[in-house]
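Structure record follows, encoded as structure tokens.
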Amino acid sequence: MIGLHPDVVLAITNASITRANASITRAVVAETPMQHHEKLGSLMTCVPIMCLLALAWAVQHFRKESMHPKSTPYLILCTLSFAACSASMHMLNKVTVALTGAPSTLTTVQMAIAVILTMVLNGQEVLMADRKKLMYWCVVPLMYAGMLNSSLMGYQYLSLSLVTVFRNLAPLVTIAVENTVMDVEHRQKITMPIVGALLMMIAGAVVFNHGQAESTWIGLGMITVNTLMAIGDRLLQRRLLVSECQDLPLSACMTLNNSLGMLPTFAMAYALHEVDGYSSHVFAWTDPATLVLVVLSGVMGLGIGTFGLMCQRAMTATSFQVVQNASKVTVVVIGVYIFGDNLHGATRGFGMALSLLGSLAYGIAKAMDAAPAAPSAAVPEKGERQTLLGGKSPFAAAVGPFAKNLVSLGLNVDTKLPK
């Protein structure tokens with residue numbers, strides 16, 4: 001038998017070890033046991049939710065006499081639909097970012113789904129929109145893309161529970177920025193109930209985050225950037241909606257936001273080397289279950305806009321704040337049971353409770369502060385006594401995918417300021 005040269009044997013051995021290590025690395029990157037558990041948990045939660053929502057709204061369609069827009073069953077259906085979509089969106093974003101490792105790519109896919117659904121729902125209105133106003137609106141998509149990208153990137157560094165706690169601190173940034181750049185007439189009032197609620201949220205965040213790893217502060221930075229982007233997006237849109245782009249259909253605005261926003265978003269994916277990571281996550285991008293979750297994230301984003309504005313049309317401001325807070329509690333429960341978030345110990349539980357109660361108190365304080373002292377029949381109702389959309393058609397909801405970023409900050413992109 002002719003023996004091989006020792007150097008050849010060594011080279012063959014090293015090549016075999018390298019291939020084996022590469023195979024193991026690909027398997028780990030593709031899907032860890034924990035990620036597999038999260039994926040199955042998300043599927044087993046979101047698919048039944050979507051089926052139940054479709055069934056419930058099919059029943060409403062055929063029983064409009066007993067489930068008309070002013071009926072209690074209709075209000076309950078809108079409320080449950082919004083809460084379900086809101087909690088599901090958090091879960092889907094978290095699991096898809098973990099599986100693919102590509103938040104900007106996921107944002108691009110979600111934007112594409114939004115464009116397709118918006119055009120299917122109201123393509124003619126978009127095509128008939130004023131071309132000059134559309135040109136003015138082209139400055140918005142960059143800020144809009146930054147807002148969505150920073151939102152998904154936060155899931156790389158934070159658990160769902162921490163996302164909830166840190167997002168509850170968003171009003172601190174909102175108040176600071178708006179009271180700096182807005183004129184006196186439109187600045188937010190700082191009342192004692194609002195101060196008390198903010199202090200409660202800060203205390204909850206400090207207590208909950210005590211002893212956490214330093215990486216969570218990277219996530220806090222992402223949430224802060226996301227809040228600033230959302231405020232900038234809101235202010236820019238409000239300016240255009242009351243001046244250069246007045247009466248431009250919201251469907252056209254959202255189509256531009258998502259279609260043009262895909263360009264800087266994919267550029268960010270390339271700059272962050274997400275494209276280079278596609279091969280190491282090839283299992284996720286070819287796994288039918290993961291692709292279903294990605295598509296569901298786009299659909300649930302549309303659902304948040306749809307059902308959120310339906311709720312605002314049918315209920316008062318305080319009631320809607322309660323619904324939003326209930327969805328946050330659901331997100332925390334999902335984080336514990338599906339994603340393994342650590343809420344063990346009285347300190348962490350107390351911190352979370354403080355944060356959620358502070359968020360609820362802040363929302364109610366804002367709504368009550370906007371309520372008139374003595375509304376009369378001759379004056380249109382405002383504030384807490386008025387349904388949030390003032391009877392506006394809910395179609396605008398269908399063109400508001402991913403409006404959760406603004407709703408969670410207490411921002412309303414549909415608000416039009418007086419000239």
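Residue count for the stretch 87-128 satisfying the condition of being surrounded by 20 or more Cβ atoms within 10 Å (Cβ to Cβ) and not in a helix (DSSP H, G or I): 1.
Look at (1) surrounded by fewer than 20 Cβ atoms within 10 Å (Cβ to Cβ); (2) in a helix (DSSP H, G or I) and you find that Ala145 fails only one, number (1). Hey, can you tell me all the residues within the stretch 39-60 that are crowded, with 16+ Cβ neighbours inside 10 Å and out of contact with any Leu (no Cβ under 8 Å at 6 or more places or on another chain)? Within the stretch 39-60, Gly41, Thr45, Ile49, Leu53 qualify. Within the stretch 48-69, residues that are within 14 Å of Leu80 (Cβ to Cβ) reach partners that are not aliphatic (A, V, I, L, M) with beta carbons closer than 7 Å, at six or more positions or on different chains, in the pairs Ile49/Ser88; Leu53/Ser81; Gln60/Tyr74; Met67/Gln60; Met67/Pro73; Met67/Tyr74.
Go through the residues of the stretch 141-148 one by one and say whether even a single one is under 13 Å from the mean Cα position of the chain (by Cα) and aromatic (Phe, Trp, Tyr). Within the stretch 141-148, one or more residues are under 13 Å from the mean Cα position of the chain (by Cα) and aromatic (Phe, Trp, Tyr). Just one of the listed residues (Thr180, Thr224, Thr191) is crowded, with 16+ Cβ neighbours inside 10 Å and either hydroxyl-bearing (Ser, Thr, Tyr) or at pLDDT below 80 (or both), and it is Thr224. Under the condition of being outside any loop (DSSP other than H, G, I, E, B) and either touching a helix residue (DSSP H, G or I) at 6+ places or on another chain (Cβ under 6 Å) or at pLDDT 50 or above (or both), the residues counted in the stretch 352-391 number 21. Total residues in the stretch 327-351 satisfying the condition of being in contact with a Gly (Cβ under 7 Å, 6 or more places away or on another chain) and either within 12 Å of Thr164 (Cβ to Cβ) or part of a helix (DSSP H, G or I) (or both): the figure is 3.
The values are calculated or read from the model by the stated rules, or taken from the named source; none is laboratory data. Since this is a predicted model, take the numbers as computed values, not measurements. As a convention, Cβ positions derive from the backbone with ideal geometry for all residues, glycine included, and neighbour counts pool all protein chains shown.
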